[in-house]
Amino acid sequence: MEIILGFIIAVAIGVTGVGAGVITAPVLILFMHVSPAHAVGTALAFSVAVKMLVVPMQIYRKQVDYKILGYLLLGGLPGVLAGSYILAKLNTHGSQGILYAALGSTVVIMAAANLYRLWVHPARDGSRNWARWLPAVALPIGAEVGFSSAGAGAIGSLALLWMTPLSAARVVGTDLFFGLCLSLIGSGFQLSAGNYDPVILTKLVIGGVFGAFAGTYVAAVTPQKAFRVVLSVWLITLGIQLCWSGVHQL
């Protein structure tokens, strides 16, 4: 079951660009009854495995802007540490309802941001360059990744589209590298704290390796916009379910 799940998630990442964290964590919580902290840690580690296969290709294609990446990491790295610390503090029995509700809200916001990115295409000004403000934007993005494993994909790419003159291809490549760095730090924090399920993680990675390659092919033959809309609506539904579960536990 977990191998198939890892394969499907990796294919979805290849087709839609939606991050591994925003899909994996709510699925583990709702369908496999993994605790929120363990789901986040497992999702972050899985995200690292999948992106380690994808990012080298982006580097080879010269689709990573290292100066912009530096600005992002300047704010994102302390943010992910702060988010991981908050998750550790909330990982108690009495705070599970708050954790469910917070994770659910994050998933809804990330999926809604992805829908917004699909339907609203702001005019691109080639001279626009607000890169010096990226550390301030990347700080809360990093915190979201550390706390919920979600955030770098939808919000990060949206920020790059608005605040830099990067082409769409370099936005994707730079944001994927940014997400990989945040996932490495966040997963290291959670793994050292024991917040992961090694059995589920191993099976997810096995499926994800095959899914990452399959996603490259599927992306070439699938109507991506329709697929992204369906996936985002489904994620919003999952997020609402998480919030509802959290309310019942308060």
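Here are some notes:
- Within the range 43-63, the residues that satisfy the criterion of being aliphatic (A, V, I, L, M) and open to solvent by 10 Å² or more (accessible area, probe 1.4 Å) are Ala45, Val48, Ala49, Met52, Leu53, Val54, Met57, Ile59.
- For Ile185: the one exception among (1) within 12 Å of the chain's Cα centre (by Cα); (2) closer than 13 Å to Gly76 by Cα: (1)
- Any hit, the range 154-174, residues being crowded, with 23+ Cβ neighbours inside 10 Å, among the polar types (S, T, N, Q) and within 18 Å of Val54 (Cα to Cα): yes
- Qualifying residue in the range 156-172 (condition: of a type outside the set (Val, Ile, Thr), farther than 23 Å from Leu115 by Cα and within 15 Å of the chain's Cα centre (by Cα)): no
- Residue ID - nearest to Leu28 (Cα to Cα), chosen from residues in the range 160-201 that are hydroxyl-bearing (Ser, Thr, Tyr) and in contact with a helix residue (DSSP H, G or I) (Cβ under 8 Å, 6 or more places away or on another chain): Tyr196
Table: residues versus (1) within 14 Å of Glu144 (Cα to Cα); (2) assigned to a helix (DSSP H, G or I); (3) at pLDDT 85 or above.
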| site | (1), (2), (3) |
| --- | --- |
| Ile29 | no, yes, yes |
| Leu69 | no, yes, yes |
| Leu81 | yes, yes, yes |
| Lys89 | no, yes, no |
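- Residue ID - surrounded by the most Cβ atoms within 10 Å (Cβ to Cβ), chosen from residues in the range 189-212 that are assigned to a loop (DSSP other than H, G, I, E, B) and at pLDDT 90 or above: Tyr196
- Among (1) open to solvent by less than 10 Å² (accessible area, probe 1.4 Å); (2) more than 14 Å from Ser47 (Cα to Cα); (3) under 14 Å from the mean Cα position of the chain (by Cα) - the single one Ser148 does not satisfy: (2)
The values are calculated or read from the model by the stated rules, or taken from the named source; none is laboratory data. Note that the structure is a prediction, hence the values are computed from the model and not measured. With ideal geometry, Cβ positions are generated from the backbone for all residues, glycine too; neighbour counts draw on all protein chains shown. Ligands, DNA and RNA are stripped out before the accessible areas are found, and what is left, the full protein with its side chains, is counted by its heavy atoms. Shrake-Rupley method; radii C 1.70, N 1.55, O 1.52, S 1.80 Å.
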